[in-house]
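Some notes on the structure that comes next.
The values are calculated or read from the model by the stated rules, or taken from the named source; none is laboratory data. The structure presented is a predicted model; accordingly, all values stated were derived computationally and were not measured. Cβ: placed from backbone, ideal geometry, glycine included. Neighbour counts: every protein chain shown.
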Amino acid sequence: MEDYEMTMVSPGKYRFQFPEDSELPIPLEYKYTRGGWNQVELDKLGKPYGNRVIPKPEGIIKDIVIRWQMDITKKVSLAPIAEVLSETFEIPQLKKKRRVHVLLPHDYYEKPEVRYPVLYMTDAQNLFGEGSPYGNWEIDKSLEELAKENHADVIIVAIEHGGEDRITEFSPYDNPRLGKGLGSLFLRFVAETLKPHVDANYRTKPDRLNTGMGGSSVGGLLSIYAALMFPHVFGRLMIFSPSLWISQKVYFDAIHFFEPFETRIYLYAGGKEGANMLPNFEKFHKTLANQGFGYSRVKIKSSIDPIGEHTETQWSKEFPIALKWLFFGE
């Protein structure tokens, strides 16, 4: 068929001119394809188009192809669509600006009628793409695999951290060595500034039960605070290796946690993250579970890897498990 390949003259318009010395059968029967019979032209009902016929030599023949047969052998990418929401998104609560990314389901733009839950995540530099010197969660690859199971219909909004200001920005508690924690202001930014913008510009399910917060280390501590102090906004929490050492006040806040609405909390920690990680983690889990709200409303899933380290690689393994449980109940 290469001998009859057409030349594009403008977008959507193509031309082919037979050589003057061509010996062609008359009448001439032909069809249009996009390179093979697995991508042949179809009629308006989606059925194979009959042979076109030129009964006798003429001048210029103009045809219109209504639709094409899809190449079912062509691999369709299930990878999420990565967009930069803003290079300099304003954080008025901290008087700073930050790059914010959005990962959309692979078929987001093919399903304009569908709305999606949203998971807000910290440390965008470490989550996907090339990652960072610290490692990479590779959530884009996890979402591609989850899409094969129909468990990737979640919008991820990933906020980059502030480098040397990361701990103070994410920590909701003051610490004698680290200084004043600004985590409450950061969560106000997510709840009061970023979330309304995302809801206005993407097809989200904006209610609390379809809004999550997730992160690791001090980002995990921030997600704990989101559950305790912003339950009217966040109903699903992904908490990995939280930095509970920053302040004992987190246990006091957990004791006073009362959530009358349905909430899902996924907790993870590794056994090789320091001597205090698992004792603190188990203490916090028990503190939450003993508040008497009952598991009919608030569901908590705890995951511990005895040999898990404090690394992006470890959190990468836990991410798809947590996402499935939080948003798809599996």
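Mind listing just one residue for me: the one in region 219-241 that is touching a Pro at 6+ places or on another chain (Cβ under 8 Å) and of a type outside the set (D, E, K, R) and, of those, modelled with the lowest pLDDT? Don't jump to the end; show me each part of the working.
In the first step, residues of region 219-241 are kept if they are touching a Pro at 6+ places or on another chain (Cβ under 8 Å); the result is 220-225, 229, 236.
After this cut, where a residue has to be of a type outside the set (D, E, K, R) as well, the list is 220-225, 229.
Working: Gly220: 97, Leu221: 96, Leu222: 97, Ser223: 97, Ile224: 95, Tyr225: 95, Met229: 92.
Selected residue: Met229.
The one condition from (1) part of a loop (DSSP other than H, G, I, E, B); (2) out of contact with any Asp or Glu (no Cβ under 7 Å at 6 or more places or on another chain) that Gly181 does not meet is (2).
Residues are listed down the side, and each one gets a yes or a no for (1) assigned by TED's automatic domain parsing to the domain that holds Ile159; (2) within 13 Å of Ala191 (Cβ to Cβ); (3) in a loop (DSSP other than H, G, I, E, B):
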{"position": "Ile224", "(1), (2), (3)": "yes, no, no"}
{"position": "Ala227", "(1), (2), (3)": "yes, yes, no"}
{"position": "Phe234", "(1), (2), (3)": "yes, yes, yes"}
{"position": "Pro242", "(1), (2), (3)": "yes, no, yes"}
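Per the conditions (1) in contact with a strand residue (DSSP E or B) (Cβ under 6 Å, 6 or more places away or on another chain); (2) of a type in the set (Gly, Ala, Ser); (3) without any contact (Cβ under 8 Å) to a residue 40 or more places away in the chain, the sole criterion not satisfied by Ala254 is (1). Consider region 308-330 and keep the residues that are in a helix (DSSP H, G or I) and polar (S, T, N, Q). The one that is surrounded by the fewest Cβ atoms within 10 Å (Cβ to Cβ) is Thr313. From the list Gly129, Gly46, the lone residue that is at pLDDT below 95, under 30 Å from His310 (Cα atoms) and not β-branched (Val, Ile, Thr) is Gly129.
Conditions (1) crowded, with 20+ Cβ neighbours inside 10 Å; (2) closer than 30 Å to Leu182 by Cα; (3) touching a helix residue (DSSP H, G or I) at 6+ places or on another chain (Cβ under 7 Å); (4) of a type in the set (Gly, Ala, Ser), marked per residue:
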{"site": "Val84", "(1), (2), (3), (4)": "no, yes, no, no"}
{"site": "Glu90", "(1), (2), (3), (4)": "no, yes, no, no"}
{"site": "Asp107", "(1), (2), (3), (4)": "no, no, no, no"}
{"site": "Phe128", "(1), (2), (3), (4)": "yes, yes, yes, no"}
{"site": "Lys148", "(1), (2), (3), (4)": "no, no, no, no"}
{"site": "His151", "(1), (2), (3), (4)": "no, no, yes, no"}
{"site": "Ile156", "(1), (2), (3), (4)": "yes, yes, yes, no"}
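Evaluating Lys62 against the criteria (1) among the basic types (Lys, Arg); (2) assigned to a loop (DSSP other than H, G, I, E, B); (3) in contact (Cβ under 8 Å) with a residue 60 or more places away in the chain leaves one unmet condition, (3). Identify the residue in region 234-278 that is within 21 Å of Lys301 (Cβ to Cβ) and of a type in the set (Val, Ile, Thr) and, among all such residues, is surrounded by the most Cβ atoms within 10 Å (Cβ to Cβ). By that ranking, first place goes to Ile239.
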